[in-house]
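K.L.:
This is the structure I have questions about; it appears just below.
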Amino acid sequence: MASQDWFDKDFYATLGVSKDVSAADLKKAYRKLARRYHPDANPGDSAAEAKFKEISEANAVLGDAEQRAEYDQMRAMGPGRPRFTAGGGGQGGGFDDVFGGRFGAGQRPTYSTAGAGPAGYDDLFGGLFGGGGFGQSTGGFRGTGAPTKGRDYTASTALDFATAIKGDTIRLQPSDGRPLNVKVPAGVMDGQKIRVRGKGEPSPDGGAPGDLVLTVSVRKHPVFERDAMNLRVDVPVTFVEATLGATIEVPTLGGDPVRLRVAPGTPSGRVLRVKGRGVETAKGTGDLLATVQVAVPSHLNAAAEKALAEFAAALPQENPRLDLLDRAKI
């Protein structure tokens, strides 16, 4: 949101606080109102949704010390004196926190404005990701007369695990513009940032527009975990399968199960590797790592107990912990 629009909005009144409210009390007031008017708590209530947008906007400005000071100064000047502002790292973007498209509710990006200087991110469509931050742009006109770049918008959104691994196109809906499709390349990691060129705030003086910087968080999967380019999964096997050997089925992400051979005498913790069934990106493809977990039966009938006792009696009298105890004395 451009700072000249701040003349028309009383953010303190929106949050129901005084102008000298402390940061802690401001946060409490915002959280109370956010819980009351959040769209998830008021499904289908357009009035509550509009109120939630207002309090979110007010908190984004007043919750940032730099923007709050600037807002207070602007309000003190009175209307009719617009000026351009520096592109700091505040949270007062002109976008709504609505995430549409095929992924359904729960994947809602939140937007803010940020500085538009050099960034450590590669262009989204180049398929590369970086971690570093980006500097602040200087609002207004430079002494050299060169036009300034518009401020960046920042957004964050949560992706399903499979979407992050396989890649897809997500749809963002700004509150004051047309929907924006953003391509998420395969293999995006939790916390990574995607820069979409030219989708930020327009320049105040005819320069290039800012960018949209999207921060991705990845939801956990109930079965799979990511390990760099590999996927990990724990696979239970029975005591008999681990002892005598067996061929078992192992799940894959988004595909049919694969069959793996468990060698006789396989212990818990042994890792079986499935080549090429991990994370696939332009830089390469990882593997699926299946960790064997021997499942010990918790209930045995009389016949099974007798057979197991006979089995134990037939084994050599060995203590598998002797080496562990000896090494612990070193």
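The values are calculated or read from the model by the stated rules, or taken from the named source; none is laboratory data. All of these numbers come straight from a predicted model, not from anything done at the bench. Note that each Cβ is placed from the backbone with ideal geometry, even for glycine, and that neighbours are counted across all protein chains shown.
K.L.:
Against the definition (modelled with pLDDT under 85, buried (at least 17 other Cβ atoms within 10 Å of the Cβ) and not assigned by TED's automatic domain parsing to the domain that holds ILE170), how does GLU70 come out, yes or no? Before the answer, list the steps.
P.N.:
Details: modelled with pLDDT under 85: yes; buried (at least 17 other Cβ atoms within 10 Å of the Cβ): yes; not assigned by TED's automatic domain parsing to the domain that holds ILE170: yes.
So GLU70 fits the description; yes.
K.L.:
Spot the failing condition for GLY284; the list is (1) modelled with pLDDT under 95; (2) farther than 30 Å from ALA186 by Cα; (3) surrounded by 10 or more Cβ atoms within 10 Å (Cβ to Cβ); (4) not hydrophobic (A, V, I, L, M, F, W, C), and only one is missed.
P.N.:
(2)
K.L.:
While we're on this one: Test each condition in (1) at pLDDT below 85; (2) in contact with a strand residue (DSSP E or B) (Cβ under 9 Å, 6 or more places away or on another chain) for GLY143 and report the one that comes out false.
P.N.:
Tallying (1) at pLDDT below 85; (2) in contact with a strand residue (DSSP E or B) (Cβ under 9 Å, 6 or more places away or on another chain), GLY143 fails exactly one: (2).
K.L.:
Residues to consider are ALA290, ALA263; find the one that is over 19 Å from ARG232 (Cβ atoms) and not hydroxyl-bearing (Ser, Thr, Tyr). Write out each step before concluding.
P.N.:
Values: ALA290 fails: over 19 Å from ARG232 (Cβ atoms).
Step by step, each of ALA290, ALA263 is checked, and only ALA263 is over 19 Å from ARG232 (Cβ atoms) and not hydroxyl-bearing (Ser, Thr, Tyr).
K.L.:
What are the pairs, 6+ residues apart or on separate chains, where a residue within region 220-237 that is within 11 Å of PRO251 (Cα to Cα) has its Cβ under 6 Å from a residue that is surrounded by 13 or more Cβ atoms within 10 Å (Cβ to Cβ) and of a type in the set (D, E, K, R)?
P.N.:
ARG232/GLU225
K.L.:
Output the number of residues of region 234-259 satisfying the condition of being more than 28 Å from LEU300 (Cα to Cα) and out of contact with any helix residue (DSSP H, G or I) (no Cβ under 8 Å at 6 or more places or on another chain).
P.N.:
First, pick out the residues of region 234-259 that are more than 28 Å from LEU300 (Cα to Cα): 251-259.
From what's left, out of contact with any helix residue (DSSP H, G or I) (no Cβ under 8 Å at 6 or more places or on another chain): 251-252, 255-259.
Going through region 234-259 one residue at a time, the tally reaches 7.
K.L.:
Separate question: Quick check on this structure: which one of ALA228, ALA263 is exposed (fewer than 13 other Cβ atoms within 10 Å of the Cβ) and within 30 Å of ALA155 (Cα to Cα)?
P.N.:
ALA228
K.L.:
Could you tell me whether VAL296 is touching a residue at least 12 places away in the same chain (Cβ under 8 Å) and closer than 30 Å to ARG151 by Cβ?
P.N.:
It is false that VAL296 is touching a residue at least 12 places away in the same chain (Cβ under 8 Å) and closer than 30 Å to ARG151 by Cβ.
K.L.:
Same structure again: What do you reckon, is VAL233 at pLDDT 95 or above, at negative phi and not acidic (Asp, Glu)?
P.N.:
yes
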